[in-house]
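For reference, the structure is listed below as structure tokens.
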Amino acid sequence: MKYLLPLLTLLAVGCQDKLLGLTDNALPLVHIKVKVTGDLQQLRPPATLGETPHLRVALVWGAVYVPDPFCAIYQVLPLDPSATAVAQAGCRDVFGFVPTQVGESVAVAADGSATLDLINLPNAAVLVGEVTSRVGYASILVFDDRNDNGTLELHRAAQRNTGPGGGGPGGGGPGGTAMPDSATPTVKGDFVYGASFISMTQPDQRIAYLEGTFDANNALYGLFYPRTGCADGPTTGFSILSAGGFSALLGLQALAGAGGDLEDPATCSVKTLDSTVTIPLQATETVRDVACSGGGTSGVVRYSEPKSQPDWLQPWACVPVKYSPCLLGIAIPGQDCSKFDAKARPALAVAAAPADCKGNTHYVLKGCATDPNCAAPEWDYTTPAKKPVWWPCDIGSTP
């Protein structure tokens, strides 16, 4: 009988996607020590000053994020002021942390300390790689739990942008500005005030969980918050990885296939969970994207039917239908740029109005949601009778 209980425990674990204890009061698997620094009161938006803050930290697992080419190119390169304005207003940081699953959460003590007790192992949905070598990365988010429900609610990215009509092109104009700050709506729900892993272009401390042995040559890892230039990968189980960050331009060249190391090896480290993760508080506007899930994670631009004119008060621009690495102006192995026409701009890109999360919409007169040149178009507004009178972009239009 004394051997039966361990056997039942193993069988129970094998039938779940999480490792759970046999009781509701299961002992933590590991502890993560956190130290929050800074003055929250100085950072709170005016709309929250009448509220009692409930500061907490949460472990949030990251998604595989492949930015769409429009955001990747125009957010980093000042090739076209109008398109850059759209990308800056409507695109999340193309090298930023993208959340997919919220894990454990705990209140922050008056002295800024907190300890996350992890009861569950991360499930397969947040791990990348093969069964013998797969890894998950998490960021620790500091947030004001405004509804006091003990957890962090993730936000969704804006997907559509239709406006009140009138005005038309020229009212906002290419590269126009978004609504003034006084009219910008505040974020609904929880406010994020800091994170241990915000972007690969900034110094980060990420929580890693590795099953098996880390394989630095695994192509999947090259798309999953890469740390190329860091000699050591995560250790089996939980660990804390640190890196100093890299420039967006180097990251863009790597996305295009130019290769090369990104991180300064001197800034890389792998530590055990005995170390404390320190997170400075900052204005929620500078870090809110880390709580925005979904939107543009597939690496392709999604196109929309121009049923109604967009909100011209938001940044907009006529842009290419296809975004090519040729725009980088560097030699990319296997890329023929001899026939690329950078002046052809028949699509319309419009940034979404300011909201919890950034977003933008790409309109084409003819095409499908994932392919403007599809063989069987889902819509066609190219005939004189159907072409919108407000349409500002034509073949060959230039910035």
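The values are calculated or read from the model by the stated rules, or taken from the named source; none is laboratory data. Predicted model, so just to flag it, every value in this text is computed and none were measured. All Cβ positions, even for glycine, are placed from backbone atoms using ideal geometry, and neighbour counts span all protein chains on display. For accessibility, only protein heavy atoms count, side chains too; no ligands or nucleic acids. Shrake-Rupley method; radii C 1.70, N 1.55, O 1.52, S 1.80 Å.
When you go through (1) of a type outside the set (Phe, Trp, Tyr); (2) out of contact with any Asp or Glu (no Cβ under 8 Å at 6 or more places or on another chain); (3) surrounded by 19 or more Cβ atoms within 10 Å (Cβ to Cβ) one by one for Thr213, which number turns out not to apply?
Thr213 satisfies every listed condition except (3).
What is the number of the single condition among (1) open to solvent by 20 Å² or more (accessible area, probe 1.4 Å); (2) outside any loop (DSSP other than H, G, I, E, B) that Val277 does not meet?
So the condition that Val277 fails would be (1).
Anything in segment 363-384 that is open to solvent by 60 Å² or more (accessible area, probe 1.4 Å) and assigned to a loop (DSSP other than H, G, I, E, B)? List them, or say none.
Thr370, Asn373, Ala375, Ala376, Glu378, Thr382, Thr383, Pro384
Taking segment 49-59, which residues are touching a Ser or Thr at 6+ places or on another chain (Cβ under 8 Å) and either within 26 Å of Ala351 (Cβ to Cβ) or open to solvent by 20 Å² or more (accessible area, probe 1.4 Å) (or both)?
Hit for segment 49-59 is Arg56, nothing else.
Sort through Val350, Val321, Val301 and tell me the only one that's in contact with a strand residue (DSSP E or B) (Cβ under 8 Å, 6 or more places away or on another chain), among the β-branched types (Val, Ile, Thr) and modelled with pLDDT of 90 or more.
Selected residue: Val350, the only one of Val350, Val321, Val301 that is in contact with a strand residue (DSSP E or B) (Cβ under 8 Å, 6 or more places away or on another chain), among the β-branched types (Val, Ile, Thr) and modelled with pLDDT of 90 or more.
Only one of these conditions is not met by Arg227: (1) among the charged types (D, E, K, R); (2) in a helix (DSSP H, G or I); (3) free of Cβ contacts under 8 Å to residues at least 60 places away in the same chain. Which number is it?
Checking Arg227 against (1) among the charged types (D, E, K, R); (2) in a helix (DSSP H, G or I); (3) free of Cβ contacts under 8 Å to residues at least 60 places away in the same chain, the one that fails is (2).
Tell me yes or no: at least one residue of segment 265-282 is of a type outside the set (Ser, Thr, Tyr) and at pLDDT below 90.
no
Would you pick out the residues in segment 13-39 that are more than 21 Å from Leu273 (Cβ to Cβ) and either open to solvent by 50 Å² or more (accessible area, probe 1.4 Å) or modelled with pLDDT of 95 or more (or both)?
Answer for segment 13-39, where residues must be more than 21 Å from Leu273 (Cβ to Cβ) and either open to solvent by 50 Å² or more (accessible area, probe 1.4 Å) or modelled with pLDDT of 95 or more (or both): Gly14, Cys15, Gln16, Asp17, Leu22, Thr23, Asp24, Asn25, Gly38, Asp39.
What about Leu262, is it open to solvent by less than 30 Å² (accessible area, probe 1.4 Å), at pLDDT 90 or above and not aromatic (Phe, Trp, Tyr)?
Judged against the criteria, Leu262 is not a match.
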